[in-house]
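Data block below; observations after.
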Protein chains: 2
Amino acid sequence: MAATTFHKLRDEIENGIVTGTLAPGERLDEVQLANRFGVSRTPIREALIQLGAIGLVEIRPRRGAVVVDPGPNRIYEMFEVMAELEGMAGALAARRHAEEDRAKLLAAHEKCERSATSGDTDAYYYDNERFHNAIYEASHSGFLYDQCAALHRRLRPYRRLQLRVRNRMKVSFSEHTRIVEAILAGEAEAARDLLRSHIAVQGDRFSDLIASLSRDERKAV
Amino acid sequence: MAATTFHKLRDEIENGIVTGTLAPGERLDEVQLANRFGVSRTPIREALIQLGAIGLVEIRPRRGAVVVDPGPNRIYEMFEVMAELEGMAGALAARRHAEEDRAKLLAAHEKCERSATSGDTDAYYYDNERFHNAIYEASHSGFLYDQCAALHRRLRPYRRLQLRVRNRMKVSFSEHTRIVEAILAGEAEAARDLLRSHIAVQGDRFSDLIASLSRDERKAV
DNA sequence: CTTTCTCATCTTGTATACAAGAGCGTTGAC
DNA sequence: GTCAACGCTCTTGTATACAAGATGAGAAAG
């Protein structure tokens with residue numbers, strides 16, 4: 001899929017940011033990255049420019065690129081928007097889903113169930129992603145799909161933390177069940193509300209997490 | 001603001017796409033563009049990559065860049081999402097607006113009034129943009145602001161066509177009035193619904209436009 | 001002792017040179 | 001006559017070279 005070097009580099013650097021290898025606020029020196037990946041500055045620059053356009057790095061003219069640090073507030077805002085978009089996708093899915101969407105959604109849901117009952121958070125993480133993708137797809141709006149997928153991707157690192165929270169995975173799954181019911185029953189507004197709060201909860205959880213983290217930090221100091 | 005060459009080029013090319021100088025589907029030859037702007041291929045490539053990341057051009061590996069042609073369907077989808085995001089911004093604005101937001105919103109609204117009564121579609125176009133920006137701002141969500149502004153920008157060319165439609169400008173303004181009332185009264189859900197249909201109407205208008213255009217084309221052939 | 005101005009160095013931004021894949025026409029075989 | 005394979009050319013992708021602005025240190029003045 002990724003035919004060219006700069007495309008691969010883009011994914012590589014993006015991954016580094018998402019996984020935290022490249023910390024928020026960190027300076028991204030072109031020469032350093034070029035050496036590290038064994039390429040010239042050109043493809044590095046092109047990768048950074050792409051990431052800049054997506055919003056993952058900030059490119060200050062003639063002053064280099066740094067990993068964007070959204071900060072708790074902006075991350076919460078991102079969850080807020082995500083909640084709204086997911087709700088919209090759910091509502092559209094309820095109205096527009098076809099037979100094959102139904103099948104995919106149920107299949108994804110069942111996969112989630114298996115992971116949830118076996119307590120495998122990593123597996124659940126991926127199955128959950130597929131589940132939500134199935135909803136985006138069922139909305140039959142290519143643009144909405146793209147928007148949701150992009151934002152979902154950006155929120156990845158923060159979402160991942162949350163599955164570790166006590167019992168979150170089982171609660172998440174039971175929410176899924178009701179969401180599936182609403183969509184398949186064609187209850188658009190119910191699906192919207194359920195999905196909205198399903199995501200919003202994650203934003204709240206995130207806030208709690210931040211709060212507890214900063215409290216711990218204060219303790220540590 | 002645009003300090004570097006490739007930044008200026010990006011705006012230049014983007015403008016060309018938005019205004020239609022560069023038609024959808026058109027091939028963007030790097031050498032050709034470089035000659036045209038009197039620069040080397042490097043900044044051209046960087047500009048194209050940025051536009052690719054935004055979704056304005058499609059970059060097919062080793063096969064060059066072309067201006068994306070969203071097609072009527074996807075444009076309609078974009079309006080759908082825009083409607084939802086604007087509605088969200090309106091709802092948040094109703095709940096969160098501060099004194100200065102109130103002032104800005106009213107100022108922008110009055111400007112629209114002047115343009116609308118004088119029948120100046122071009123002026124109204126810009127004032128309308130400022131009006132909607134004021135709403136995004138009043139939502140006090142930086143991320144939502146960015147998302148709305150970006151999508152608004154992408155829908156620019158299609159929106160522009162619509163003001164020419166008979167009476168649209170005055171109708172638009174009267175809708176604005178009710179929107180302002182709802183926001184300032186703190187009626188979140190009313191603001192959401194009003195804004196949602198305010199934008200959705202544009203999508204519908206666009207569909208009508210497309211329908212009539214393709215009918216005309218058929219006639220022409 | 002502090003502050004500001006200047007100069008050196010380092011990094012980014014742009015141009016050019018080189019490599020390699022894609023498209024296309026021609027030629028040869030069936 | 002048609003189809004396929006080969007090779008040429010053209011475009012993109014990457015590397016390197018060069019230009020120019022930003023940063024920081026040091027010197028000089030207050």
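Please identify which residues in the stretch A:125-164 have an amide N closer than 17 Å to a label point set 7 Å out from the Cα of B:Ser207, following the Cα→Cβ vector. Counting only backbone N, you get A:139-144.
What is the interface area between chains A and B, defined as buried accessible area summed over both chains with a 1.4 Å probe, reported in Å² to the nearest 100?
Chains A and B together bury roughly 2700 Å² of accessible area.
Against the longest alpha carbon principal axis of chain A, how many degrees, from 0 to 90 and to the nearest 10, is the axis of helix A:41-54 turned? Taking Cα atoms only, the helix is inclined about 40 degrees. Label-point distances for B:Gly38 to the equivalent site in the other copies, using a point 7 angstrom along Cα→C-beta, read 4.3 nm when ranked shortest first.
Of all chain A C-beta atoms, the nearest to the rotation axis linking A with B is recorded, alongside its rounded Å distance, as A:Ala53, 2. For chain A, with all protein chains in place and a probe radius of 1.4 Å, 49% of the accessible heavy-atom surface sits on carbon or sulfur.
Just name one of A:Ile59, A:Phe37, A:Gly20: the one whose Cα is farthest towards the positive end of the charge dipole of the stretch A:5-67 (beta-carbon charges, Lys/Arg +1, Asp/Glu -1). Result: A:Ile59, furthest along the dipole toward the positive end. Relative to the dominant Cα principal axis of chain B, helix B:188-220 is inclined by about 40°. Distances from A:Glu175 to itself in the other copies, using label points 7 Å out along the Cα-Cβ axis, amount to 3.3 nm in increasing order.
Mean shadow of the stretch B:71-220, computed from the convex hull of its alpha carbons, in nm²?
On the way: hull surface 33.7 nm².
So the mean shadow area of the Cα hull is 8.4 nm².
Note on the protein assembly as shown: dipole from Cβ charges, positive end direction compared against B:Ala182, A:Leu85, A:His7; the farthest Cα belongs to A:His7. Hydrodynamic radius of the stretch B:71-154 by the Kirkwood approach over all distinct alpha-carbon pairs: 13.4 Å.
What translational D, rounded to a whole number of µm²/s, comes out for the stretch B:51-113 from Stokes-Einstein when the hydrodynamic radius is the Kirkwood one over Cα pairs, at 25 °C and 0.890 mPa s?
Details: Rh = 15.1 Å.
Using the Kirkwood radius from Cα pairs, D works out to 163 µm²/s.
Across the copies of the chain, A:Arg164 has label points (7 Å from Cα along Cα→Cβ) spaced 5.8 nm apart, shortest distance listed first. Counting only Cα atoms, the protein assembly as shown measures 65, 53, 53 Å along its principal axes, largest extent leading.
Using Cα pairs closer than 8 Å and at least 6 residues apart in sequence, work out the relative contact order for chain B, in percent. Can you show the working numbers first?
On the way: 248 pairs, mean separation 52.9, N = 221.
Over chain B, the number comes to 24 percent.
Using the alpha carbons alone, the radius of gyration of the stretch B:5-67 stands to its Kirkwood radius in an Rg to Rh ratio of 0.91.
Using bins of 10 Å that start at zero, the share of Cα-Cα pairs per bin across the stretch A:1-158 amounts to 10, 30, 30, 21, 7, 0, in whole %.
The values are calculated or read from the model by the stated rules, or taken from the named source; none is laboratory data. As the structure is a computational prediction, the values presented were derived from the model and not from experiment. All Cβ positions, even for glycine, are placed from backbone atoms using ideal geometry, and neighbour counts span all protein chains on display. What goes into the accessible areas is simple: the full protein's heavy atoms, side chains included, and nothing from ligands, DNA or RNA. Shrake-Rupley method; radii C 1.70, N 1.55, O 1.52, S 1.80 Å.
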